[in-house]
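The values are calculated or read from the model by the stated rules, or taken from the named source; none is laboratory data. For clarity, every value in this text was computed on a predicted model and none was experimentally measured. Neighbour counts run over all protein chains shown; Cβ positions are idealised from the backbone, glycine included.
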């Protein structure tokens, strides 16, 4: 551990650059308290060292990137994060400065490169923010010293909120350093704490080296020894095929060939998204390259605090769109299937290289964790077997948009850390950079950014013909679809049994002693009844729904065995849920269920030969219910059973009034739907038993529910 000296204004920590994240499941409580306290102060100190590179107070209010806040925001943000999270965790009940804790709360994650944040803020002075930071430091220090300490420290432990604030501040070391790197050079000053590498020259010739395929296991368990963000937990198992990977990160020299070949002006190498970005920004070379930026008129490189002659053997730094275009160009030139690695492939490479993990290494096995320099370095400096810079130097873009692992849960103290990125638009970066510290420098870290976003990030390319798996696993946010996911697979509300399961159970009871070959679940919504019928003994179940969104979710549940949805709790606050067939005992019957999109009033010919037809809450949502009832017998075997449920909520938004079966008056007398059903079905069906009520509840928000009662009737097809 670093040496600690006491002073009137707190501890002075030596060697704050080389700091390791804290192991949370071993040691004695007081030792752990001391370690976390030291980790907190070191983090706070190195963050403030970063802002010492700004020339003057005015620099804090410049916008290095017009899509992001000025640096005064980030100076205050990491401190207010502690207060906001400690309040949510109920570890404190008062605030230090409510205005700051609102103003500095939320950063920017722009949807596109042409978003413009026109918001005006009445920013406080740097001195006011520094005074606020000092108060936060005192408060957090007091909490660390005084809170009860119990090991292990897990999600529910109060010290998890402290670790959350520390690791969040370490993330912003990186993001703020990228913004500082984009400030005008005359607005920053050199600082001895941030000394850069001075090694430069020509790079070695890059080459593709074999990586044997194998099993990749990703995801943390709940009892993992280190702090983690929510997206790191759960389980991902994958078999990776053999592939080849470049021995080195792509150097500035290697990327220059793409620039010189006119790569930035040729749309054939770019994705549609990439070309739109390149055209809008009028980009001609990597962001941190400076044309004519040095004395000899050649290329320069903007590091965080100075412009130096472009080191050709340092890794190029680009966004994902540029990295992808380079790979496409490289593939065309070599005739090989060159692309970026997937997350699975990158982890397979790391596993094959057997690289130790932080905090257990003796010295960082790469240019990472601020243990070497405050800049990139030559691409052949850190070797792991046949490969270099597997971790560190610059982050490495992947083909993989971030997605949740199976078993993903949000942390209630930071419920929007990951879920907004599960949209297929945020690609994972792996490996860390020279300034990646703490959690960022661990094997399990999973950070993702929009593809046009800049970090200290470059690329390693692979040769592989294996298809790239894009996980379409973002949370279902459509309000109605989320409500139906909950109604079908969520917990019961107010003691009312699950409606879909109840309907299926009624059908299975009716089918005792009858043939249970093929069942049709018409208006299946998101599919629960279909799975229940298959579990109950039907050889095959077909679920049909007219709604694309419902059919899509039902089919995904059948294919993947789980769904995720976001639920409105109150206003803009959402909760996030994962529902799994295995948890309901329905996983083993997936192969007997199939889903299609279809119109119940105009079924294709292939949908025929059913022993049971369940039409749950369907008829009052059809545009031609009489046609449906008059023809459904054609799809059934003699002696087959038709089960209808409906609350009879006729609505002209779905069914023209002339088509209503009931719910209106004729010659002044009321016409009831049940009577119309008997009349319409009489030519082909006989009614079995009396109607019965089946209640159901649909949850809209945490305090608003629909409680409805459907009527269930049973009809047997005459022989």
Next item on the list: For region 642-671, enumerate the residues that are without any contact (Cβ under 8 Å) to a residue 24 or more places away in the chain, part of a strand (DSSP E or B) and either on the phi > 0 side of the Ramachandran plot or buried (at least 16 other Cβ atoms within 10 Å of the Cβ) (or both).
Entry: none
Margin query: The conditions are (1) free of Cβ contacts under 8 Å to residues at least 60 places away in the same chain; (2) more than 18 Å from the chain's Cα centre (by Cα); (3) more than 30 Å from residue 312 (Cβ to Cβ), and residue 223 fails exactly one of them. Which is it?
Written below: (1)
Notebook entry, point to check: Which of (1) within 28 Å of the chain's Cα centre (by Cα); (2) within 27 Å of residue 652 (Cα to Cα) is the odd one out, the single condition residue 598 does not satisfy?
Noted result: (1)
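Just a yes or no: is a residue in region 310-326 surrounded by fewer than 14 Cβ atoms within 10 Å (Cβ to Cβ) and part of a loop (DSSP other than H, G, I, E, B)?
At the first step, the residues of region 310-326 found to be surrounded by fewer than 14 Cβ atoms within 10 Å (Cβ to Cβ) are none.
Looking for residues that are surrounded by fewer than 14 Cβ atoms within 10 Å (Cβ to Cβ) and part of a loop (DSSP other than H, G, I, E, B), one finds none in region 310-326, hence no.
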Notebook entry, point to check: Taking the condition in contact with a strand residue (DSSP E or B) (Cβ under 6 Å, 6 or more places away or on another chain), assigned by TED's automatic domain parsing to the domain that holds residue 454 and within 20 Å of residue 249 (Cβ to Cβ), does residue 305 pass?
Noted result: no
Notebook entry, point to check: Does residue 131 satisfy the condition of being part of a helix (DSSP H, G or I) and over 34 Å from the mean Cα position of the chain (by Cα)?
Noted result: yes
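Looking at region 362-376, is at least one residue assigned to a helix (DSSP H, G or I), out of contact with any strand residue (DSSP E or B) (no Cβ under 7 Å at 6 or more places or on another chain) and buried (at least 16 other Cβ atoms within 10 Å of the Cβ)? Break it down stepwise before answering.
First pass over region 362-376, keeping only residues assigned to a helix (DSSP H, G or I): none.
No, region 362-376 has no match at all.
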Notebook entry, point to check: When region 134-171 is examined, which residues are found to be outside any helix (DSSP H, G or I) and without any contact (Cβ under 8 Å) to a residue 60 or more places away in the chain?
Noted result: 147, 148, 156, 157
Next item on the list: Output the qualifying pairs, or none if there are none: Cβ atoms under 6 angstrom, residues six or more apart or on different chains, first residue in region 268-297 and without any contact (Cβ under 8 Å) to a residue 24 or more places away in the chain, second residue outside any helix (DSSP H, G or I).
Entry: 290/300; 290/302; 290/307; 293/300; 293/307; 294/300; 294/309
Notebook entry, point to check: Within region 327-361, how many residues turn out to be more than 23 Å from residue 454 (Cβ to Cβ) and part of a helix (DSSP H, G or I)?
Noted result: 13
Check: Filtering region 469-484 down to residues that are within 25 Å of residue 400 (Cβ to Cβ) and surrounded by 14 or more Cβ atoms within 10 Å (Cβ to Cβ), which residue is modelled with the lowest pLDDT?
Finding: 473
Next item on the list: Determine if region 195-213 includes at least one residue that is in contact (Cβ under 8 Å) with a residue 40 or more places away in the chain, under 26 Å from residue 48 (Cβ atoms) and buried (at least 16 other Cβ atoms within 10 Å of the Cβ).
Entry: yes
Next item on the list: Within region 13-42, track down each residue that is in contact with a helix residue (DSSP H, G or I) (Cβ under 9 Å, 6 or more places away or on another chain), outside any helix (DSSP H, G or I) and more than 20 Å from residue 363 (Cα to Cα).
Entry: 24, 26, 27
Item checked: residue 639 outside any helix (DSSP H, G or I), in contact (Cβ under 8 Å) with a residue 60 or more places away in the chain and on the phi > 0 side of the Ramachandran plot -> yes
Next item on the list: State all residues of region 90-110 that are under 25 Å from the mean Cα position of the chain (by Cα) and crowded, with 18+ Cβ neighbours inside 10 Å; if no residue qualifies, say none.
Entry: 104
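On the given criteria, is residue 300 crowded, with 17+ Cβ neighbours inside 10 Å, out of contact with any strand residue (DSSP E or B) (no Cβ under 8 Å at 6 or more places or on another chain) and more than 30 Å from residue 578 (Cα to Cα)?
Values: crowded, with 17+ Cβ neighbours inside 10 Å: yes; out of contact with any strand residue (DSSP E or B) (no Cβ under 8 Å at 6 or more places or on another chain): no; more than 30 Å from residue 578 (Cα to Cα): yes.
Spelling it out, it is not the case that residue 300 is crowded, with 17+ Cβ neighbours inside 10 Å, out of contact with any strand residue (DSSP E or B) (no Cβ under 8 Å at 6 or more places or on another chain) and more than 30 Å from residue 578 (Cα to Cα).
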Next item on the list: Kindly indicate whether residue 693 is surrounded by fewer than 14 Cβ atoms within 10 Å (Cβ to Cβ) and either at pLDDT 95 or above or not in a strand (DSSP E or B) (or both).
Entry: yes
Note to self: Out of the residues in region 249-277 meeting the condition of being touching a helix residue (DSSP H, G or I) at 6+ places or on another chain (Cβ under 6 Å) and part of a helix (DSSP H, G or I), tell me which one is farthest from residue 207 (Cα to Cα).
What the structure shows: 277
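Could you tell me which of the residues 283, 240, 259 is in contact with a strand residue (DSSP E or B) (Cβ under 6 Å, 6 or more places away or on another chain) and either surrounded by 14 or more Cβ atoms within 10 Å (Cβ to Cβ) or assigned by TED's automatic domain parsing to the domain that holds residue 562 (or both)?
Numbers: 283 fails: in contact with a strand residue (DSSP E or B) (Cβ under 6 Å, 6 or more places away or on another chain); 259 fails: in contact with a strand residue (DSSP E or B) (Cβ under 6 Å, 6 or more places away or on another chain).
Just a single option satisfies the conditions, and that option is 240.
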Item checked: Of residues in region 611-639 being more than 21 Å from residue 547 (Cβ to Cβ) and touching a helix residue (DSSP H, G or I) at 6+ places or on another chain (Cβ under 8 Å), the one modelled with the highest pLDDT -> 612
